[in-house]
Amino acid sequence: MSVGPVVVIGAGLAGTEAAWQVAQAGVPVHLIEMRPLRRSPAHHSSEFAELVCSNSFGALSSDRAAGLLQEELRRLGSLVIRTADAHAVPAGGALAVDRGRYSAALTEILQRHPLVTIERREQMDLPDADQITVLATGPLTSDALANHLRAFTGRDDCHFFDAASPIVDGETIDMKKAFRASRYDKGDADYINCPMDQPRYKDFLGALLSAEQAELKDFEKNSATFFEGCLPIEELARRGEDTMRYGPLKPIGLWDPRWGDVNDRDVRRARRAHAVVQLRQEDRDGRLWNLVGFQTNLKWGEQKRVLRMIPGLEQAEFVRFGVMHRNTFLEAPELLHPTLQFRTRERLLAAGQITGTEGYAAAVAGGWLAGTNAARLALGQSTFDLPPTTMIGALTHFVSEAPSGKFQPMPPNFGLLPALPERIRDKRRRYGAYRDRALNDLLLATQKQESVDVACPA
Ligand SMILES: Cc1cc2nc3c(=O)[nH]c(=O)nc-3n(C[C@H](O)[C@H](O)[C@H](O)COP(=O)(O)OP(=O)(O)OC[C@H]3O[C@@H](n4cnc5c(N)ncnc54)[C@H](O)[C@@H]3O)c2cc1C
């Protein structure tokens, strides 16, 4: 049976992996990459899967979130991770690569593959609906295509700038200091609230004002000026001692049930906290919590130091730090299935950072799944997703099922995985248990898929 080519748009981390998976399944691929004819503001070369900033894929050990994701990809036959392993440089427990050699090797492998055709041009729009296509144009998707995507999805919230608050693992919040409540008791007690007295608030403010900022890239400075309505928390702090208390740290209407059942307004006013940091649930299962209004440009180490001064967050583990940078991503919970197919056009798939995952290994993971499913569509087979107990499955289920409206990109982290059947207090053992379950379930899922394919050949 001869099958038509799958189109992959973008030869970054996700597109390179996707193209390889399609070709390895015996399906021709037409890979379209705009570099070097059109440059992105962050890429420097014309090679494939370029690492635009750090040369590290994150921790190597599989009892760390990034390491587990790499290990799953290794077991699934990822080309990008295999090539990263082959070009690794010493990096004290992380998978870091000689970026030039690694990218050159990947480019050559795809150029030599008999089923891969490469075209260097900017794709301005989506191909026809019946063309199986993987969209993998990343956080710096060219303007013409990004505008087309806005029109195609009918959504203005195809985001162009990522102003995200830090997210912490709910298990690491000290609930002896924090309390659950909604402002003025409206609805359920949906928020976690961390109250501060005046001396604590002043110390916190001082630390915010003196903390070190990350440098914005030139192309980001222009985008950042559009974001007056979403100011970094340190900028609010600079505007006056009480500005945060009239904004996201407003204490009014919040009452810790442990303060007793008091109705007298004066007593309530006298008792209430000087400021309150609120955390809002980020995932369906309530394992991840984001600090409301804390989008920030502070360096990551500084965020950890300063935000741990908030009562209740002294031991908090950050699964994602706050960022403010250029980042084109789709409102994936509205648009995508966990198979990475669009809900309204099932022959169109998305992969990589444009789906709202974050980080190099996560982009490769999206490329693996979208490429595998694109090939399956071309071969007349059913598409599949991976269980949310695996790190790849957890990421793809998160982006396609997260609460919509407040959707923000997510890196791999253990908070995304369903809770273990029993609570394990020791962190290393807990992460080891997540790893063992993930690798076991990955094996079962792939075996199950193989048996379905044998029983129901295309
Ligand atoms: C400035 C910056 C720094 C980052 N640093 C890190 C980091 O240090 N560590 C980390 O883990 N993550 C980092 N990330 C996040 C993310 O992991 C990377 O952006 C990663 O490269 C995403 O992979 P991708 O395949 O989705 O996109 P990309 O790797 O960017 O690939 C997209 C490809 O599509 C091409 N393209 C775009 N538009 C078109 C078009 N219209 N037609 C044809 N081709 C097109 C681009 O040229 C590019 O080759 C960073 C992101 C940015 C923006």
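The values are calculated or read from the model by the stated rules, or taken from the named source; none is laboratory data. All figures in this text were calculated on a predicted structure; none of them were measured in a lab. Cβ atoms come from the backbone with ideal geometry, glycine included; neighbour counts cover every protein chain shown. The accessibility values were calculated without ligands, DNA or RNA, using every heavy atom of the protein model including side chains. Shrake-Rupley method; radii C 1.70, N 1.55, O 1.52, S 1.80 Å.
Plainly put, the stretch 238-304 has a radius of gyration that is 1.05 times its Kirkwood radius, both from alpha-carbon atoms, as the Rg/Rh ratio. Distant-in-sequence amide contacts of Val277, defined by a placed amide H-H separation under 5 Å and a gap of 5 or more residues or a different chain, comprise Cys194, Met196. Name the residue farthest towards the positive end of the dipole of the chain from the options Ser46, Asn263, Ala433, assuming +1 on Cβ of Lys and Arg, -1 on Cβ of Asp and Glu, about the Cα centre. With unit charges placed on the Cβ atoms, the residue in question is Asn263.
Straight Cα distances below 28 angstrom link Lys186 to the lysines Lys176, Lys177, Lys250, Lys406, with same-chain residues fewer than 8 positions distant left out.
Using 1/(1 + (r/R0)^6) with R0 = 30 angstrom and r between the beta carbons of Asn440 and Ser404, what's the FRET efficiency to the nearest 0.05?
The pair Asn440/Ser404 has a calculated efficiency of 0.40.
Scaled to the globular estimate 2.2 N^0.38 Å, the Cα spread of the stretch 167-322, given as radius of gyration, is 1.07. Which of the trypsin sites (Lys or Arg not before Pro) found in the stretch 37-133 are in a DSSP loop and have at most 14 neighbouring Cβ atoms, other than their own, within 10 Å? For trypsin sites (Lys or Arg not before Pro) across the stretch 37-133 that sit outside H, G, I, E and B with at most 14 neighbouring Cβ atoms in 10 Å, the list reads Arg38, Arg39, Arg121. Distance between the modelled labels on Trp300 and Thr153, one decimal in nanometres: 2.5 nm (7 Å Cα→Cβ projection).
Extension gain for Glu346-Gln24 works out to 113.8 nm (0.36 nm per residue, less the C-alpha to C-alpha distance). The HN-Hα couplings worked out from phi for the stretch 173-178 by the Karplus form 6.51 cos²θ - 1.76 cosθ + 1.60 (θ = phi - 60°) are 8, 7, 7, 6, 9, 8 Hz, whole numbers, x standing for Gly and Pro. Close amide-amide hydrogen proximity is noted between Val3 and no other residue 5 or more places distant or on a separate chain, at a cut-off under 5 Å (H modeled in the peptide plane; Pro and chain starts excluded).
Our coupling estimate for the stretch 428-437, obtained by passing each phi through the Karplus curve with A = 6.51, B = -1.76, C = 1.60 and θ = phi - 60°, is 4, 5, 4, 5, x, 5, 4, 4, 4, 5 Hz, Gly and Pro reported as x. Just to verify a number: FRET efficiency for Arg430 and Arg239, C-beta to C-beta distance, R0 = 45 Å, to 0.05? Computed FRET efficiency for Arg430 and Arg239 comes out at 0.65. Ranked by solvent-accessible area (1.4 Å probe, protein heavy atoms only, all chains present), the residues Met391, Met34 order from largest to smallest as Met34, Met391.
Estimated from the Cβ-Cβ distance and a Förster radius of 51 angstrom, the FRET efficiency linking Asp185 and Arg120 is about 0.30.
For the chain, the Cα gyration tensor yields ellipsoid semi-axes of 41, 24, 21 Å (square root of five times each eigenvalue, largest first, whole Å). Here the accessible area of the chain is 50 percent carbon and sulfur, with a 1.4 angstrom probe and all protein chains present. Computed about its Cα centre, the charge dipole of the stretch 167-322 is approximately 400 debye, with only Lys, Arg, Asp and Glu carrying charge at their Cβ.
Between Arg38 and Ala146, the contour length at 0.36 nm per residue exceeds the Cα-Cα span by 37.4 nm. What the phi angles of the stretch 302-316 give under the Karplus curve with 6.51, -1.76 and 1.60, with θ = phi - 60°, is a coupling list of 5, 4, 4, 5, 6, 6, 6, 7, 6, x, x, 10, 4, 10, 4 Hz, glycine and proline written as x. With 0.36 nm allotted per residue and the present C-alpha distance subtracted, the Met175-Glu108 stretch has 18.7 nm of extension available. Amide H contacts for Gln213 (H built 1.01 Å from N in the peptide plane; partners 5 or more residues away or on another chain; cut-off under 5 Å): Lys299.
Dividing the summed -39500 (n - 2.57) terms of all DSSP H runs of n ≥ 4 by the residue count of the chain sets its mean residue ellipticity at 222 nm at -10500 deg cm²/dmol. Once the GluC sites (Glu not before Pro) in DSSP loops with at most 15 neighbouring Cβ atoms within 10 Å are cut out of the chain, the longest remaining piece is 1-211. With a ≥ b ≥ c the root eigenvalues of the C-alpha gyration tensor of the stretch 303-458, is it rounded (a/c under 1.5), prolate (a/b larger than b/c) or oblate? Oblate shape, in that a/c is at least 1.5 and b/c is the bigger or equal ratio. Accessible surface area normalised per residue over the chain is 43 Å², counting heavy atoms of protein chains with a 1.4 Å rolling probe.
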